[in-house]
Structures are given as structure tokens and as C-alpha cells.
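The values are calculated or read from the model by the stated rules, or taken from the named source; none is laboratory data. None of these values were measured; they are calculated from a predicted model. As a convention, Cβ positions derive from the backbone with ideal geometry for all residues, glycine included, and neighbour counts pool all protein chains shown.
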Amino acid sequence: MTENVSTAHLGRWSLTFRYVDVILPFTFLLRVAMGWIFVWSGFDKLLGDWTSAGFLVNGTKGPLEGWFVDLGTNSAAVNVIDGLVIWGQILIGIALILGLATRFSLFWAGAMIFMFYIAQFPPAHNPFLDEHIVYIGVFLLLGALGAGRILGLDALVEKLPFVRRIRGAEYFLG
């Protein structure tokens, strides 16, 4: 196995780390797997008889339960939430599978999963950590590794002249 050195820059901060080349296919597979989970979940909702109202009214708990129940009993809010969840999951999933606007997509995936997390806080089987937090950790890892550049369209998009002129574009891609 070959050992590589990479440096990630975020504003004034830099992080240099070593990794072996075997991490690249695993990063690619993890990105595609997370994308597939989102695409499948979105299409399952789209093609099924799903609405967020049942979850919002009956599946929430904790300090924000009242707010979520209010949303679940408001038909206009439910229509908006249903569209955001269904199409958000489908579009995020497609973007992750293609490796396109990967960090941007990972941010919104994390935001969606965080909303699911706080809707049921505290978790049933562990006072703090459940699958939602693990998903968010995976999203952070994929973003830090620049997963969209590994057999993804971000590697091509970043080289386009008009994209290179956009300051900060690298934070949305990769």
C-alpha cells in the first residue's frame, strides 16, 4: 500500500494528514452507499402513500414536540415539508452518487438528518448518540475527504474555467 499526504485548507487553518491509497475506494463506496440510501428513501416516499404528518404528530417527542405537532397539523406546512423531504432526499442522493456538489449536498443531508434527530430527542436507546449522529459523522468525514473528487463529477467541475473564478467554490464541491 502506498502512503499519501494530503492537506485540507479551511480559511486560515490547514490540516495535513497521511492516508493509504486503500482509503480511496472505500470513500467512493461510502459516498455512493449514502447516496443510494437517500435516493431510495426519497423514491420510496414519492411512490408510496407517505406524508410527514403522521411522524410530526405522533412520532416526535422532547422539548420541540409542540412545534413539530403544530407543523404536522398544518396542511400547508405538511405539503412544504413533504416536498422538501422527498425531493431533498432524491436530489441529495443523486448528487452524492454522481459526486456533484458533494460538500453542498452533504451539508443539506446533515441539516435534514439533524432535524430528524431533534424531532425525537432524546433518542430512545441512548441519551445522546443514535444513527442520526452517526450519519452526520459520516457526512463530515466524506466532506473532509473530498469524496466528490474520487470518481466523481466534482473533479471535473472544479477544473472548469468559470468555476475556478468563483471564490470559495471548492468548499461546495469536492
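Evaluating Phe26 against the criteria (1) aromatic (Phe, Trp, Tyr); (2) buried (at least 16 other Cβ atoms within 10 Å of the Cβ); (3) within 23 Å of Ile97 (Cα to Cα) leaves one unmet condition, (2). Within region 156-169, which residues are of a type outside the set (Val, Ile, Thr) and buried (at least 16 other Cβ atoms within 10 Å of the Cβ)? If the condition is that a residue be of a type outside the set (Val, Ile, Thr) and buried (at least 16 other Cβ atoms within 10 Å of the Cβ), then Glu158, Ala169 are the ones that fit.
Here is a yes/no grid of residues against (1) in contact with a helix residue (DSSP H, G or I) (Cβ under 9 Å, 6 or more places away or on another chain); (2) of a type outside the set (S, T, N, Q); (3) in contact (Cβ under 8 Å) with a residue 60 or more places away in the chain:
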position	(1), (2), (3)
Tyr19	no, yes, no
Arg31	yes, yes, yes
Met34	yes, yes, yes
Ile37	yes, yes, no
Trp40	yes, yes, no
Gly48	no, yes, no
Gly54	yes, yes, no
Gly59	yes, yes, yes
Asp70	yes, yes, no
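Among residues of region 151-165 that are free of Cβ contacts under 8 Å to residues at least 24 places away in the same chain, those with a beta-carbon under 6 Å from a residue that is β-branched (Val, Ile, Thr) at least six positions away or on a different chain give the pairs Val163/Val157.
Looking only at residues that are surrounded by 23 or more Cβ atoms within 10 Å (Cβ to Cβ), within 9 Å of the chain's Cα centre (by Cα) and not aliphatic (A, V, I, L, M) in region 92-116, which one is nearest to Ile166 (Cα to Cα)? Among those residues, the one meeting the criterion is Thr102.
Across region 63-75, the number of residues qualifying as part of a helix (DSSP H, G or I), within 24 Å of the chain's Cα centre (by Cα) and of a type in the set (A, V, I, L, M) comes to 1.
Out of everything in region 1-44 that is of a type in the set (D, E, K, R) and closer than 28 Å to Arg167 by Cβ, what residue ends up being nearest to the chain's Cα centre (by Cα)? Reasoning before the result, please.
Of region 1-44, the ones of a type in the set (D, E, K, R) are 3, 12, 18, 21, 31, 44.
Checking which are closer than 28 Å to Arg167 by Cβ leaves us with 12, 31.
Numbers: Arg12: 25, Arg31: 10 Å.
Restricting to residues being of a type in the set (D, E, K, R) and closer than 28 Å to Arg167 by Cβ, the top hit is Arg31.
Only one entry in Val78, Val57 is over 22 Å from Leu140 (Cβ atoms) and either at pLDDT 95 or above or not in a helix (DSSP H, G or I) (or both), namely Val78.
Go through region 43-62 and give me each residue that's surrounded by fewer than 17 Cβ atoms within 10 Å (Cβ to Cβ) and charged (D, E, K, R). Selection gives Asp44, Asp49, Lys61.
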